[in-house]
Structure formats: C-alpha cells, structure tokens
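Trainee: I'd like to ask some things about the structure below.
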Amino acid sequence: LPVLGVGALMFGALLAVGTLISNFFSYGPNEKSVFRACHMFGNVGFMGIPILLAIMPERGMLYMSLFTVIDQLCVWTIGLNLCMPENATNSMSLSDKLKKMINPATIAIVSAVVLIFLGVKLPTFLNTALLKVGNSATPLALAYLGGIFALMDISRYVKRVEIYLVVITKMLLFPIAFYNLLKLIPGLNPEIVLTVSILSAMPTMSSIPMIAQSQGSAGEYAAGMVFITTLFFIITLPTVCLFF
C-alpha cells in the first residue's frame, strides 16, 4: 500500500508540474497534451527495472512489481486521454472518456491484481504462452521506435526548448525535491523512498509515441522527446543518485 500510495502521489505531482510548464510554450497540433504525457510518464520498464535490480537485488523487483500496477493503470487511463487528438478530446463527454479507459490493458491489470489476491494460478500451458507473448513486447517496441527515429527529422526537436526543460524539471529537480518530501513522511520505508525517487527520474516512456501515433496524435513529437531525454539520462541519473 505505501508503494501504491507514493506512486500515485508521484504521478499526480508530475502531471501538475507538466501542466504548469506546458502553459508557457507554443505548440503544434496535439503537442501540448502529449507534452504533459511525456512529462508524467517515465521509462520504468526498459530502464527502471535493471537499475533497481542492480541497486536492490533482493527486494527491487518486489517494489517494481507493485509500482507497475499504478504505473500501467495511469498510462492506460490518464495517459491514453492525454495522447488523444485535441479535437477528439474536446468533443468527447466524460462518460465516453471513462469508457475508453476500459481497454485490454486496464482489464488485464485489474484481473491480475484480483487473481494475485485470490491466490489463483493460471495453468502452466496458458502461463507459458502469455509469458512468451509478453516477452515480445520489448523488442517490438524498440523496433518500432527505431523506425520512427530513422524516419523523423531529429533536428526539429533538438531546437525545442521545452524538451530541455523536461530534462531539468522531470529528470533532475523533481526527483531531488520528491526524495526530500518523502523523507518527511514518518514511518515510510527508506527503500521505498529511494525506489520511487529513482523511478521518477526516468526519461520519457517509450510507449507514449506508440500510443499517440496509433490515435492520430503527435507521435513524432513524443518520439523526439524520448530521443532527447534518453540521451541526457546518461548524465542526469548519476547526478541524482549522487545526491541521494
């Protein structure tokens, strides 16, 4: 419960900061809401998991598994809405937006949590099949992103000032401030404080370009954000960890 609560607090704070920053820049079609999604969600899967396992080999994956529940629920609800075209979002009612949040990803997450709490285990043949399908997600996602990078004009996004502001706020200032905030909560496990603070420093989630592109929104803009934040991650994470 502390991991889920702190994770929800982290996403709420990142969305609030991203929303505030987004009001100071001009954007192309659909880019403003995608900017907020890029600021809110970090690449916890491809980068967060190996880093946590290196730092905490015994309990790192336990914290990561719990954090993933709130992470994926936020991605496939709030993130999905932020990555929709602005004209579609404005024309949709609240009930339509809520219906869109009921999708295969959210159904799978809720089902998994229920099965875990009930102690139900899937048959071996079904578990093996699902595991193999799940393992294909990483190479497919990286191949897709590689294709976007190959076809996009990187120079367009190297000049975008707001992307570098994401590097400063999301990947440097926010993790340090959030770390100090969590330390003020009495009784909170120091390992949880360290885990969520490190995860808040991740570069933009690589799924955001795919979600935005599939919905006809600013997918290339999100890919540019992923490209630049991932490059700077080589510098920002060691800096943040030195502070911790």
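The values are calculated or read from the model by the stated rules, or taken from the named source; none is laboratory data. None of the values given here were measured: they were computed from a predicted structure. In this analysis, Cβ positions are derived from the backbone assuming ideal geometry, glycine residues included, and neighbour counts consider all displayed protein chains. All accessible areas refer to the heavy atoms of the entire protein, side chains included, with ligands and DNA or RNA removed. Shrake-Rupley method; radii C 1.70, N 1.55, O 1.52, S 1.80 Å.
Trainee: Would you tally the residues in the stretch 61-114 being open to solvent by less than 60 Å² (accessible area, probe 1.4 Å), farther than 22 Å from residue 44 by Cβ and modelled with pLDDT of 85 or more?
Mentor: 2
Trainee: Further, regarding this structure: Return the residues of the stretch 124-153 that are under 17 Å from residue 214 (Cβ atoms) and among the β-branched types (Val, Ile, Thr); say none if nothing qualifies.
Mentor: Scanning the stretch 124-153 gives a single hit, 148.
Trainee: In addition: Please name all residue pairs, on different chains or six or more residues apart, with Cβ atoms under 8 Å, provided the first residue is in the stretch 218-244 and is over 15 Å from residue 205 (Cα atoms) and open to solvent by less than 10 Å² (accessible area, probe 1.4 Å) and the second residue is at pLDDT 90 or above and not in a helix (DSSP H, G or I).
Mentor: 236/201; 240/201
Trainee: Looking for something among the basic types (Lys, Arg) and open to solvent by 50 Å² or more (accessible area, probe 1.4 Å) - is there at least one such residue anywhere in the stretch 131-149?
Mentor: Yes, the stretch 131-149 contains a residue that is among the basic types (Lys, Arg) and open to solvent by 50 Å² or more (accessible area, probe 1.4 Å).
Trainee: How many residues are assigned to a helix (DSSP H, G or I), within 20 Å of the chain's Cα centre (by Cα) and over 17 Å from residue 54 (Cβ atoms) when one looks only at the stretch 183-206?
Mentor: Qualifying residue count for the region: 2.
Trainee: Pick from 223, 212, 177: which is part of a helix (DSSP H, G or I), in contact with a Pro (Cβ under 7 Å, 6 or more places away or on another chain) and on the phi < 0 side of the Ramachandran plot?
Mentor: Working: 212 fails: in contact with a Pro (Cβ under 7 Å, 6 or more places away or on another chain); 177 fails: in contact with a Pro (Cβ under 7 Å, 6 or more places away or on another chain).
Within the list 223, 212, 177, the selection yields 223.
Trainee: So, in the stretch 11-43, of the ones that are among the aliphatic types (A, V, I, L, M) and surrounded by 23 or more Cβ atoms within 10 Å (Cβ to Cβ), which residue ends up nearest to residue 217 (Cα to Cα)? Even if it seems obvious, please write down each step before you answer.
Mentor: Filtering the stretch 11-43 for residues among the aliphatic types (A, V, I, L, M) gives 13-17, 20-21, 34, 37, 40.
Narrowing the set further to residues that are surrounded by 23 or more Cβ atoms within 10 Å (Cβ to Cβ) leaves 34, 37, 40.
Working: 34: 8, 37: 12, 40: 17 Å.
So the residue we want is 34.
Trainee: What are the pairs, 6+ residues apart or on separate chains, where a residue within the stretch 3-15 that is touching a residue at least 60 places away in the same chain (Cβ under 8 Å) and at negative phi has its Cβ under 7 Å from a residue that is among the acidic types (Asp, Glu) and assigned to a helix (DSSP H, G or I)?
Mentor: Within 7 Å, the pairs are 7/71.
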